[in-house]
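Values in this text are rule-based calculations from the coordinates and carry no lab data. Here the structure is a predicted model, which means the values were calculated and not measured. With ideal geometry, Cβ positions are generated from the backbone for all residues, glycine too; neighbour counts draw on all protein chains shown.
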Amino acid sequence: MSIIRDITIKAKKYLETDEVLLIVGSRQAGKTTILRQLREDLDNQKKNTFFLNLEEMEYLGLLNESPRNLFKIFTLDLNQKNYVFIDEIQYLKNPSNFLKFIFDEYQGKIKLIVSGSSAFYIDKKFKDSLAGRKKIFHVTTLSFREFLRFKQVEKLAHLDFSKLSLTDKEKISVYFGEYVIFGGYPKVVLSVLGEKKEILQEIAFSYIKKDVYEANIKQEETFYKLFKILASQAGNLLNASELAKTLGVSKTTIDNFLYVMQKSFHIVLIRPFYKNMRKELTRMPKVYFADLGLRNFFMNDFGGFEQRGDKGILLENIVFRQLSDKFEGDEIKFWRTIGKHEIDFIVDEKNALEVKVDSERLRVKNYKIFQENYPKIDFSVVTLNKKNNAVNDIKILDAWEL
């Protein structure tokens, strides 16, 4: 039996609605498993379920001819509700037309639960907004708590991480160390240590290559070079013009590459938080990887955290990854002034988080300007394996507490 994902639990609540359930996320993040978990739940209730993978060309051809050909593939009894699961819906020439037709013609009779690997398909092929007809679920690689469940340590996964005993904190620290280095792709998490790098290589050079091919990118080598540069600059300001000069291509090409990387769920750009347009940055984003294992693969470095020369980048990226499990992308921002005063994360305009590898060497005066300008925003420092709960009345958090 597969380990139940958090997104499976959320999606179950919508199985009895009429909306199309659209499960989107990067390749190998576990979308097909989630579809099968949802189907198993319905099968246990003796519901009518059907499963279709559109990587099978015969079925893809039939549905491209006409949405009605679904009835040639399955025997659907319209006297009762049918639950039809379709994997890789983006392969259809016009997925929005198919979903809209089935929803409008057979509402209450056919419930569609579908998956899509890359959102640039959704953007470019979903010409109709499907407003009021769909519910979208974004599948990420495993959260840290899911990671613990996959490691078969359920007890740890359900603890309050802010109230750990010393013994449990030591265990959490070891598991979090692995999570920071190898990330949360399910197959990577479940593999033995000696196979993790090989699986990440397969994801990078086989599955991401599908994104490259299907996005019609011709400069594959340059695309991968950009991945490596972004891995080394995670947490930094992203200047597309400078990247274009470095790689010898146009800014338009860089913008397109970044678009595909985002829509394939590999990188995330966060925007600046500002109130004073004259003194604070307002436009240039920062970049983070959605999975640390993939980031470390492109760095070609799987050394332990304490031995790394990029500890600050790693820690800042894992803090972003932790925050992204609880907050929408536009709720996570950063603050920086023209004078280069900076706070790593502003979350929902209520909490400010500064990431420090060594929280004991915190210079409080560096954050005085922010605290004076935004006294209502709670300020904390995030580190790894904290030694104290506070420094100069500033709260210190371990990254896994977020």
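Pairs exceeding 18 Å between alpha-carbon atoms, taken from LYS12/LYS210; LYS163/LYS333; LYS197/LYS228; LYS12/LYS46; LYS171/LYS387: LYS12/LYS210; LYS163/LYS333.
Segment 370-402 and segment 6-71 have Cα centres separated by 43 Å.
When DSSP beta bridges are restricted to pairs lying wholly in segment 213-361, around 95% turn out antiparallel. By DSSP, the beta bridges lying fully in the chain are antiparallel in about 35 percent of cases. Shape class for segment 246-358, computed from the alpha carbon gyration tensor (a ≥ b ≥ c): oblate, with a/c not under 1.5 and a/b at or below b/c. Ranking of HIS158, HIS341 by neighbouring Cβ atoms within 10 Å, starting from the fewest: HIS158, HIS341. Report, in degrees rounded to the nearest 10, the 0 to 90 angle that the Cα long axis of helix 220-232 makes with the longest principal axis of the chain. Relative to the chain, helix 220-232 is tipped by roughly 40 degrees. State whether segment 204-401 is rounded, prolate or oblate according to the following rule on the C-alpha gyration tensor (a ≥ b ≥ c being the square roots of its eigenvalues): a/c under 1.5 gives rounded; otherwise a/b larger than b/c gives prolate, and the remaining case gives oblate. It comes out prolate by the Cα gyration axes. Residues whose amide H comes within less than 5 Å of that of ILE110, counting only those at least five positions distant or on another chain, are ASN82 (H built at 1.01 Å from N in the peptide plane). Ordered by the number of other Cβ atoms lying within 10 Å of each residue's own Cβ, fewest first, ASP211, ASP168 fall into the sequence ASP168, ASP211. About its Cα centre, the chain has a charge dipole of approximately 720 debye under the convention of +1 per Lys or Arg Cβ and -1 per Asp or Glu Cβ, with nothing else charged.
Partner aspartates and glutamates whose Cα lies under 19 Å from the Cα of LYS251, excluding those fewer than 8 positions away in the same chain, are identified as GLU220, GLU221, GLU242.
Among rounded, prolate and oblate, which fits segment 1-122 when a ≥ b ≥ c are the square roots of the eigenvalues of its C-alpha gyration tensor, a/c under 1.5 means rounded, and a/b larger than b/c means prolate? Oblate. Only Cα sites of the chain enter the Debye sum here, all with the same form factor; the resulting log10 I(q)/I(0) across q = 0.10, 0.11, 0.14 1/Å is -0.75, -0.89, -1.31, listed in q order.
Dipole of the chain computed with +1 at Lys/Arg Cβ and -1 at Asp/Glu Cβ about the Cα centre; of ILE313, GLY108, PRO375, farthest Cα towards the positive end is PRO375. Which one, VAL357, ILE34, PHE51, is farthest towards the positive end of the dipole of the chain when Lys and Arg carry +1 and Asp and Glu -1 on their Cβ? Positive-end residue among those listed: VAL357. The string of couplings for segment 155-166 from the Karplus curve (6.51, -1.76, 1.60, θ = phi - 60°) is 4, 5, 4, 9, 6, 7, 5, 8, 10, 7, 6, 4 Hz, one whole number per residue in order, with x for Gly and Pro. Among SER173, SER359, SER162, the largest mean-square fluctuation in a Gaussian network model of the chain (Cα springs under 10 Å) belongs to SER162. Annotation: amide H of LEU397 within the under-5 Å range of VAL381, VAL382, THR383, sequence separation 5 or more or interchain, hydrogens built in the peptide plane. Going by neighbour counts of Cβ atoms within 10 Å, the residues TYR83, TYR374 line up, fewest first, as TYR374, TYR83.
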